[in-house]
Every structure is written in structure tokens, then in C-alpha cells.
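Enquirer: The following block contains the structure, expressed as C-alpha cells.
The values are calculated or read from the model by the stated rules, or taken from the named source; none is laboratory data. None of these values were measured; they are calculated from a predicted model. Here Cβ is always computed from backbone atoms with ideal geometry, including for glycine, and neighbour counts include all displayed protein chains. Quick note on the areas: whole protein, heavy atoms, side chains included, nothing else; ligands and nucleic acids left out. Shrake-Rupley method; radii C 1.70, N 1.55, O 1.52, S 1.80 Å.
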Amino acid sequence: MKEAVVMDKKELEQTLILIKPDALKNSLIGYVLSQLSEVHSGLRFAGAKIVHVNRMLAIEHYAEHRGKPFFPALLDYITGLAHYPSEPWKRRVIAFVFQGPKAISKIREIAGPTDPNEAREKKPGCIRALGTIVRLKDAKGNYIGERMDNLIHASARADEAEREIKLWFKPSDIPPLMRAYPTEINEEHFYFDGKKLTMKHEKGSVCLVAPGDCVWKTDLTALRAIHQGKTAHCNIETVAAKYLINEKRDDF
Ligand code: GTP
Ligand code: MG
């Protein structure tokens, strides 16, 4: 009889990686990917997509930094506005799920410190050592702060990785045997118009999930709670953002 092949739980550890717009603009994708390769990192790709980051996704991704002085510049950076002000079609990031033992700490190690100056000083050779600190000025030329262009995002902790992977990826973006979080087959329609969640289509709304779709279990719990007006573990934007990725709708 053929033995069942079961993956060790340690092999399922996952992290979200974003190759940010400055890496695309400077043609560093190949370099970054070679640093992350299985030979260097011992990890493997579980998901990949090219994303035009809308403001909703940007705000959700960097929710922990809301209200900080550098938050507006951070949104301009991750949405691609900062690097492609007059070429909106070039505004992209490349998102990956990487998988394998100690995926989170290994990728943070390869990425290096957040601040590129610190990265150069303390960890020459790390990816972020090739980053830039950009001085920001207002329309009158006055200094208003700085932006850290550091080429790559990598989840910092397991709970962050789970939140971020579920924010950017649907289960069907990841091969079935590589999915680390519980899923459920949805049996209802849920629509979103940028403000409210409905179970019937209304003009301008997008179908987030339809019957038969494989959905993160936690997303379905949140959708049901939000629709019933109950307290949910996250807001509707957190669930909806990934379904609106690359939808041609400027309002989202
Ligand atoms: P990410 O992988 O991008 O999340 O970076 P990180 O986890 O190393 O840092 P953190 O989550 O604290 O910050 C997110 C992003 O905000 C960073 O990548 C920087 O671009 C920016 N950032 C963080 N701290 C500062 C700061 O003190 N000043 C400025 N100007 N930008 C910051
Ligand atoms: Mg972070």
C-alpha cells in the first residue's frame, strides 16, 4: 500500500514578501529573488502575484502605522505613486507567500534592518542595504520628513504573517497542499460597494465570494458577523481588499 505523504508542520511556516515599487523601478527584482531562492533561504514559493496596490489595500496593509507622521508618505510609496507619479500603469508591487522552516525569521534576516542606512552599517550585503532615505519637501521646498525606500516587505511575526497573507491572497492563489490556514466552502453571495456589505448585487458592487468558493474560514466568520451587524474580528475592508485586487475600479 502507498504511504501517505504528510508535510511536517514546521514546513508550513509562511511569510508575506512584497517587492516594493522602488525595487521594480531600479530593476532589482532578479537580485531580490536570487537572494530569496531556495538555495539561499531553504524556502519555497507558495504564491505569487503582481498587484496594483489601491489605497484600501495600502491602508489595511500598514494599519499599525496609521496616524504616524510618515504614514501618508508610506501610502504614496506602497501604492507606487511616489515612484511613478505620471505613469500610473507602472504602479505595482510583486507579492509572494514563501514557505518553509523558520520562514519569517529567515526572510527578515535576508531583508535586513528597516532603515537602509542602518542596514548598510550593520549588515552589509542584506537586501535593504541597497535602499534609500528620501528627504521629502512640501510645495514650497520646505523639509517635511523622510521616506524609507527599503525595497522589500517581510512579515515580522507569525500572527502578522497570517493577517498579511490573508489580506493579499485568496486560498485559490495558493496550491491546496501549501495552504497553512483553515478554509471553508462558502455557500452564499457577498457583495461590497466600497462602503457596505450586501448579499444581493447592487449597481457598482463587486461580488466578493459566491457559493462554491473556497474562502479563509476567518473571512467567512467576519463576513457573516458584519452582515448581521455583530462585532467581527476585523473590518470589511480587511476581508474585501484581496477580492478587489486588480479590479479596474478607481473608487476602491
Ligand atoms: P515592512 O517590512 O515594510 O513592514 O518594514 P518593517 O517591518 O521593517 O518596519 P515597520 O513595519 O516598522 O515599518 C513599515 C515601513 O514604514 C518601513 O518599511 C518603512 O518604509 C516605513 N517606516 C518605518 N519606520 C519609519 C520611520 O521611523 N520613519 C520613516 N520615515 N519611515 C518609517
Ligand atoms: Mg512591518
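Enquirer: Please work out the C-alpha center-to-center distance from the range 197-252 to the range 105-134 and express it in whole Å.
Expert: 36 Å
Enquirer: With the cut-off at 26 Å, tell me which of the pairs K10/K217; K106/K137; K25/K49; K102/K166; K20/K248 have Cα atoms farther apart than that.
Expert: Values: K10/K217 21 Å; K106/K137 36 Å; K25/K49 17 Å; K102/K166 19 Å; K20/K248 21 Å.
Long pairs (Cα-Cα over 26 Å): K106/K137.
Enquirer: If amide hydrogens are placed 1.01 Å from N in the peptide plane, which non-local residues have theirs closer than 5 Å to the one on A46?
Expert: The list, which skips near neighbours in sequence, is V97, F98, Q99.
Enquirer: Here's a follow-up. For the range 9-169, what is the convex hull volume of the alpha-carbon atoms per residue, in Å³? Intermediate results must be reported in sequence, preceding the final value.
Expert: Numbers: hull volume 18.2 nm³, N = 161.
Here the figure is 113 Å³ per residue.
Enquirer: A further question on this structure: Taking 0.36 nm per residue of separation and subtracting the Cα-Cα distance, what length does fully extending K25 through D8 add? Before the final figure, lay out the partial values.
Expert: Details: separation 17, 0.36 × 17 = 6.12 nm, distance 3.85 nm.
So the chain would gain 2.3 nm between K25 and D8.
Enquirer: Determine the per residue accessible area of the chain with all protein chains present and a 1.4 angstrom probe, expressed in square angstrom. Kindly include the intermediate steps, with their values, before the conclusion.
Expert: Details: 13450 Å² over 252 residues.
Normalised by residue count, the accessible surface of the chain is 53 Å².
Enquirer: Then there's this: Taking K123 as the anchor, which aspartates and glutamates have their alpha carbon closer than 19 Å to its alpha carbon, excluding any fewer than eight residues away along the same chain?
Expert: Cα-Cα hits under 19 Å: E109, D115, D149.
Enquirer: Work out the FRET efficiency for E160 and K200 from their Cβ-Cβ distance, taking R0 = 25 Å, and round it to the nearest 0.05.
Expert: Numbers: r = 35 Å, r/R0 = 1.40.
For E160 and K200, the calculated efficiency is 0.10.
Enquirer: Can you work out ³J(HN,Hα) from phi for every residue in the range 125-139, in order, using Karplus 6.51 cos²θ - 1.76 cosθ + 1.60 and θ = phi - 60°, giving whole Hz and x for Gly and Pro?
Expert: After applying 6.51 cos²θ - 1.76 cosθ + 1.60, I find x, 6, 4, 6, 5, 8, x, 9, 9, 9, 7, 9, 10, 7, 4 Hz.
Enquirer: Add +1 for every Lys or Arg and -1 for every Asp or Glu among the other residues with Cβ under 11 Å from the Cβ of T238, and state the total. List each step's numbers first, then the result.
Expert: Details: positive: R163, K166, K242; negative: E60, E164, D219, E237.
Neighbour charge sum, excluding T238 itself: -1.
Enquirer: Same structure again: Calculated from DSSP H runs of 4 or more alone, at -39500 (n - 2.57) each and per residue, what is the 222 nm mean residue ellipticity of the chain, nearest 500?
Expert: Details: 10 runs with 75 residues, N = 252.
Estimated from H runs of four or more residues: -7500 deg cm²/dmol.
Enquirer: Separate question: Express the C-alpha Rg of the range 116-195 as a ratio against the empirical globular expectation 2.2 N^0.38 Å, rounded to two decimals. List each step's numbers first, then the result.
Expert: Values: Rg = 19.9 Å, N = 80, 2.2 N^0.38 = 11.6 Å.
So the Cα radius of gyration is 1.71 times the expected 2.2 N^0.38 Å.
Enquirer: Same structure again: Step through the residues of the range 153-166 one at a time and calculate ³J(HN,Hα) from phi using the Karplus curve (6.51 cos²θ - 1.76 cosθ + 1.60, θ = phi - 60°), rounding each to whole Hz and writing x for Gly and Pro.
Expert: Each residue of the range 153-166 in turn: 10, 9, 4, 9, 9, 4, 5, 5, 4, 5, 4, 6, 5, 6 Hz.
Enquirer: Calculated FRET efficiency, D115 and I50, Cβ-Cβ r, R0 41 Å, to nearest 0.05? Spell out each step's value before the answer.
Expert: Details: r = 27 Å, r/R0 = 0.66.
E between D115 and I50, to the nearest 0.05, is 0.90.
Enquirer: Viscosity 1.002 mPa s, temperature 20 °C: give me the Stokes-Einstein translational D for the range 182-252 in µm²/s, with Rh taken as the Kirkwood radius over C-alpha pairs. Write down the numbers at each step before the final one.
Expert: Working: Rh = 12.3 Å.
Rounded to a whole number, D works out at 175 µm²/s.
Enquirer: Also: Hey, rough spin-label estimate for K102 and N235, points 7 angstrom out along Cα→Cβ, what's it come to in nanometres?
Expert: About 3.8 nm, to one decimal.
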